[in-house]
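These notes concern the structure reproduced below.
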Amino acid sequence: MEEKTSTNSGSKWLKAFLDREESLDMKALADELRERGDDELVQKFQRLRGMEDLSPDEQKIWGNIQSRLKFKSRRFVRNLLKYAAMIMIPLCVGGALWLLQKERGNVQPVSVASTSIAPGQHKAYLLLSNKVQMDLSRKGADTLFVERGVQVRIDSSGKISYQDAERQPANKELVYHTMVVPKAGEYFLELPDGTKVWLNSFSELKFPINFRGGERKVYLKGEAYFEVAKDASKPFYVMLDDMAVKVLGTSFNVNAYRDRGNVLTTLVTGKIEILDTLGKSLAVLNPSEQADFSNSKVDVTRVNVDNCISWREGKFYFEAMRLEDIMLQLQRWYDIEVFFASENLKNKTFTGVVRRDLVAGEIFSIIEKTTRVKFEENGKCVIISYQ
């Protein structure tokens, strides 16, 4: 048990180390391993130095793992591949390595019914302008503090309120807070102007503690549903990486997860305008219309709004959706790692509506009944294969 704990801990460190480096040579990796005093990983690293090529099994494992790593340098990946593959295997010892063992007949599959990966819950933290983090998941006494003349109150349920925001001098510098919702979380927030925001898992919203001047701007990563407080004199903007949404007072949903490759903006009520980074109008949406922004272009179609914002009602709505896209949503909500035994499995489709409060195994069972796939869990790792 102690050996497994050490290996997993070292692997988590190594992944963080790889993620934060844009370029890295083998000497730097070896030096940092030694500084950590992790003899096990140093020995593993030394054994790997003599490897010229990965075995077919190691290549298969690495192929499943590398899509989860965000390397910034292709040259770095090539140089590190033969060293990292064996070291990274323990990161999800119940995942890719377990899959290979299963194929060889060395492991008995774990029944989905015997596991219970819990669904997401109400949790988030507030990042203040001074980088202090306020955990909003903890229940306790009210918290009250003042920042730049604005009184911020976090009650025992985690709800935030801002007072005296409108009394601030117009020439004062804007002060921002950032609401951060991790994987397996969701959160409701009311902005200083009264706008209501529901944040989905793995999302962030940066906003000023008071809106001044002739506009209201917030910055979104991930997915959020907005009910914007009406103020014709101050248009409301949701700023994204490559576009913006402009509104006066309306309800709409923005799905801007970076792993999607596009941004979906769905209008429920009112009217919104899609802008590029230079402020040029790309499209104007009416209720029940959705803008699909990709590669600086926008396609507008009519949609069933209830389906597009089903997450707000505690449901997943899948309509002929690819399994890979379904698993992206489940990864964020259940905080799991997913491995496909075959690339072809990613293109399997499923249609259905399932509750978000179910444990993961129950959703997997529902998909299995209508799709020729099988889900097998090992801790937080999920292996998808053919039945």
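Taken together, the values in this text are just the output of simple stated rules run on the coordinates, not laboratory data. Since this is a predicted model, take the numbers as computed values, not measurements. Glycine gets a Cβ as well: all are built from the backbone with ideal geometry, and neighbour counts include every protein chain shown.
Observations
- Extended-chain gain in nm, criterion 0.36 nm per residue less alpha-carbon gap, D357 and R302: 16.9 nm
- Cα-Cα over 29 Å, subset of K196/K348; K217/K348; K230/K280; K123/K374; K271/K369; K183/K346: K196/K348; K217/K348; K123/K374; K271/K369
- Ordering L220, L189, L282 by the number of other Cβ atoms within 10 Å of each residue's own Cβ, fewest first, gives L282, L189, L220.
- Applying 1/(1 + (r/R0)^6) with R0 = 51 Å to the Cβ-Cβ distance of I366 and E173 gives a FRET efficiency near 0.50.
- Using the Cβ-Cβ distance between K131 and A232 with R0 = 45 Å, the FRET efficiency computed as 1/(1 + (r/R0)^6) comes to roughly 0.80.
- Here the range 178-289 is described by how far its Cα atoms reach on the three principal axes: 36, 30, 26 Å, from widest to narrowest.
- For the range 121-308, fraction of C-alpha pairs farther apart than 31 Å, in %: 16 percent
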